[in-house]
Amino acid sequence: MAVRILILILCLYGLPFSGNTQGSSKISGYVKDADGPVPDATVLIKGTKHGTVTDKNGYFELTGLKPATVTIIVSYTGYLTQEIAVNAAQNPSLEFTLVKEGGQLRDVRIIAVNKAKEVKASGFSVNVVETKQFANTTADLNQLLNQSTGVKVRESGGLGSNFNFSINGLSGKQVRFFLDGIPMEGFGGGMSLNNIPVNLAERIEVYKGVVPIELGSDALGGAVNVITDQQTKKFLDASLSYGSFNTSRAALSGRLTDNKTGLVFNVSGYHNYSDNNYMMRNNPKNDAAIKVIENNQFVYKDMRRYHDAYRSSMGQVEVGLNNKSWADKINLGFTYSNLYNDLQTGASQNEVYGAAYQKGNFYMTSLKYKKTGFLLKNLTANIAANVSIDRSDVVDTASHIYGWGGIVRPESIAGELRDVKTLTHWKNVSAIARTSFNYKINDNQDLNLSYTFNRLARSSTEELRPKEQNPFYQPNYFTKNVVGLAYQHHSFAGRFTNTLFAKYLGLNILAREVVFVTQQEPYRRRDTTSHKGYWGYGLASRYKLTENAGVKFSIEHAYRLQEQEEFFGDGISVAANIKLLPEKSDNVNLGAYYTHQLSKHRFSVEGGVFYRNVENLIFSTPGGRFSTYSNVGTARVTGLEGELGYRYDKLLDFAVNASYQNAINNRKINPLTNMADATYGDRIPNQPWFFGNARLGVGKDNLVGKNTRLQLNYSVNYIYWFYISWESLGSRESKNKIPTQLIHNVSLSYSLKSGRYNISVESFNITDELAYDNFRLQKPGRSVFFKLRYFIK
């Protein structure tokens, strides 16, 4: 399959790239003065005759532009002339405030570079979620992304619970996460997507299957890149919310820029807390009964969670310089985060804990640097690096066995998580460096080279076990090197864009006291190293049928490298398998999009089909005293997805999406038994295969006062039922399943002083539906939250 993909890429890239060099970029914006819009103002591209005049609302558009840097000049009789240089390829939106002659000239404000539109119109299959419209909600990034096409986030409980993130049927370690392009693998548990509030992100990019080289990682199933605001010079955004289950969330972000010196100060942070003491409902219908002992008898009844408190905090400060001859931007930062998490349940709610907990502290220093014209005129350098220490403790020293009614009986030997009591202190030291060099050959051609270095040293101490039984008493080292090279070409007046890329993924591991299970020498331990390298490649293409319609195609031969524990085990219950291969997949996407603006009405439709052929899937297989990770899986995923949207001015916004994914077992022979696989052709269990979302927003400006806005939002999440085990094994009646669910959410917000002061109330699961993402792991029922937010820029 990989050879066929390579041949297809070469054939597609062999198409003639002819056509005129006129582009199809657009620059738009508004011109106003102190009293309001300025109609009939002249807007002109410097050095050309290409121009227009503003309409009665002060609005203008310049279309059919070459994707290059141009200078916009705005003039009107009696006012000072203004000009600004902008990159037309970014389709920017500008705001000019004219000053009468004799007054002081003001800066032109770039109100929207429209980077989201630029990313969505690329050849990659990507969702772009802009967070501005959700800023007054209490949602975290996971809750926001769970409404996105092709994405399913499955949580095991309330705030801070473990989650599984799926994109087009591939999930878990096959999906990678980034913050402003930096891998989040070493960021600690307190900085995951279910902790980060929506206010701290400007937009989120979700790449499906095919991932650009700028995100240097082994993302087999896709990638999520959280983008923070890097453009606004001065702002402050502070919020506080409180609600059900004693849940409180606070967030703060801000920036102060001194235009004269170029000094920039950034600050951001958040704090989350919840008791997570929601009611667990006895549900024997779905084999999720809640059983307690009363008067020495088993009783089935609803019970409240009692050991599930969660707390996480993060603070980040950055100081930097902008617009220097040697740097467009340079920032030095420090980040601290911590978490505390009581553990209430294991793999299901039948396994109840009452004393185990984990906690951690995370420290990181970071450096970011960007320079256009780096060494060469057309070369742009973008460099980021960080060093971090993540210390965490897992405490499993309970002297009792617990159930939903509390203490069941004493236990002197076993812990709650393992068959012995443990008190483990983990230390992860991580170093990440990412460099990206973009060379603009001409207006139609770009060359990009990226390199990501990711090194993790993992060690631990165990207070309740001898040192020789702990394989992590010395650091184990895990290093990834990802090199990417991409060539982008625009042709046919910028309507046809092709990005051809290749990746090298290198893996180096040093593991201590690795356990090997062999017939000759069972349970033998030794220090072991591994050095592996793999090549990936792909193509992303987009053809614009019109300015607002196009088709996209992308394809990649991708890898997900082995994790350290998968390759070398943990020395406790997992043995090594040095023959383990990385997971690999051939990913194909085909999609189309269309938008239409008719006066104040805006219609949009987007859809696509996808194909994944995954080999060497890694699963844990039992084997006596030790389990082992093995390449025992092969899967084929096909599916389709689509979204319809409608917006009327600033009054109404509606969107609905649906996703269907058919992931089947494609393994004919079970390598462990060398016999025919009885589940060949079955849909892979315990995975949603049809789901959708709908969102409706109604808002009105100045309804209850000048410079105010009242906004009502309603959303619904739908999941069709699915089996948690293979459909060919057992009768239909004997198999457990996750039931069909329809979850309704609603919020109401009121904004004053043009969005400076905001108050909102929000309810999740307003019908109190029994909600499960995972078997026997109930999610919270109905909840209500209040939020106050202050924003100024």
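The values are calculated or read from the model by the stated rules, or taken from the named source; none is laboratory data. Note that the structure is a prediction, hence the values are computed from the model and not measured. Note that each Cβ is placed from the backbone with ideal geometry, even for glycine, and that neighbours are counted across all protein chains shown. Just the protein is used for accessible areas: all its heavy atoms, side chains included, with ligands, DNA and RNA removed. Shrake-Rupley method; radii C 1.70, N 1.55, O 1.52, S 1.80 Å.
Across region 54-96, what is the total count of residues that are in a strand (DSSP E or B) and touching a strand residue (DSSP E or B) at 6+ places or on another chain (Cβ under 6 Å)?
23
Search region 337-348 for residues being open to solvent by 20 Å² or more (accessible area, probe 1.4 Å) and touching a Ser or Thr at 6+ places or on another chain (Cβ under 7 Å), and hand back the single one that is farthest from Ala288 (Cα to Cα).
If we take residues in region 337-348 being open to solvent by 20 Å² or more (accessible area, probe 1.4 Å) and touching a Ser or Thr at 6+ places or on another chain (Cβ under 7 Å), then Asn338 is farthest from Ala288 (Cα to Cα).
Only one of these conditions is not met by Phe298: (1) surrounded by fewer than 18 Cβ atoms within 10 Å (Cβ to Cβ); (2) not basic (Lys, Arg); (3) not in a strand (DSSP E or B). Which number is it?
(3) is the only condition that Phe298 fails.
Quick one: which of Asp258, Asp229 is within 22 Å of the chain's Cα centre (by Cα) and under 30 Å from Lys324 (Cβ atoms)?
Just a single option satisfies the conditions, and that option is Asp229.
Restricting the search to region 706-733, which residues are in a loop (DSSP other than H, G, I, E, B) and open to solvent by less than 30 Å² (accessible area, probe 1.4 Å)?
Thr708
Filtering region 748-781 down to residues that are among the basic types (Lys, Arg) and in contact (Cβ under 8 Å) with a residue 40 or more places away in the chain, which residue is farthest from Arg304 (Cα to Cα)?
Lys753
Taking region 758-786, which residues are more than 24 Å from the chain's Cα centre (by Cα) and of a type in the set (D, E, K, R)?
Across region 758-786, the qualifying residues are Asp768, Glu769, Arg776, Arg782.
Taking the options Val408, Val394, Val387, name whichever one is at pLDDT below 95, within 28 Å of Ala457 (Cα to Cα) and not small (Gly, Ala, Ser).
Every option except Val394 fails the conditions.
May I ask you to list the residues in region 349-359 that are over 19 Å from Asn774 (Cβ atoms) and open to solvent by 20 Å² or more (accessible area, probe 1.4 Å)?
Ala355, Tyr357, Gln358, Lys359
Say we look at region 150-175 and pick out the residues that are among the aliphatic types (A, V, I, L, M) and within 12 Å of the chain's Cα centre (by Cα); which of these is surrounded by the fewest Cβ atoms within 10 Å (Cβ to Cβ)?
Selected residue: Val153.
Pick from Gly642, Gly633, Gly608, Gly591: which is of a type outside the set (Ser, Thr, Tyr), open to solvent by less than 50 Å² (accessible area, probe 1.4 Å) and either without any contact (Cβ under 8 Å) to a residue 24 or more places away in the chain or more than 26 Å from Pro685 (Cα to Cα) (or both)?
Only one candidate qualifies: Gly591.
Tally up the residues in region 51-61 that are surrounded by fewer than 20 Cβ atoms within 10 Å (Cβ to Cβ) and touching a residue at least 24 places away in the same chain (Cβ under 8 Å), please.
Residues that pass the stated criteria total 3.
Identify, from the list Phe362, Phe334, the residue that is buried (at least 18 other Cβ atoms within 10 Å of the Cβ) and at pLDDT 95 or above.
The match here is Phe362.
Go through Met314, Met279 for me and flag whichever is open to solvent by less than 50 Å² (accessible area, probe 1.4 Å) and modelled with pLDDT of 95 or more.
So the residue among Met314, Met279 that is open to solvent by less than 50 Å² (accessible area, probe 1.4 Å) and modelled with pLDDT of 95 or more is Met314.
Just to check your reading of the model, which residue among Gly181, Gly209 is over 16 Å from Ser268 (Cβ atoms) and within 12 Å of the chain's Cα centre (by Cα)?
The unique qualifying residue is Gly181.
Hey, could you check region 734-753 for residues that are polar (S, T, N, Q) and over 30 Å from Lys793 (Cβ atoms) and say which is surrounded by the fewest Cβ atoms within 10 Å (Cβ to Cβ)?
Ser734
Only residues that are more than 30 Å from Lys737 (Cβ to Cβ) and either open to solvent by 60 Å² or more (accessible area, probe 1.4 Å) or among the basic types (Lys, Arg) (or both): list them for region 754-793, please.
Within region 754-793, Ser754, Arg756, Tyr757, Ile759, Phe786, Lys787, Leu788, Arg789, Tyr790, Lys793 meet the criteria.
If only one of Arg304, Arg281 is free of Cβ contacts under 8 Å to residues at least 60 places away in the same chain and more than 29 Å from the chain's Cα centre (by Cα), which one is it?
Answer to the selection: Arg304.
Out of the residues in region 252-273 that are open to solvent by 10 Å² or more (accessible area, probe 1.4 Å) and among the aliphatic types (A, V, I, L, M), state the one that is nearest to Thr138 (Cα to Cα).
So the residue we want is Leu252.
Please list, ordered by residue number, the strands (runs of 3 or more DSSP E) wholly in region 546-658 having 2 or more residues that are within 27 Å of Asn168 (Cβ to Cβ) and modelled with pLDDT under 90.
601-621, 627-648
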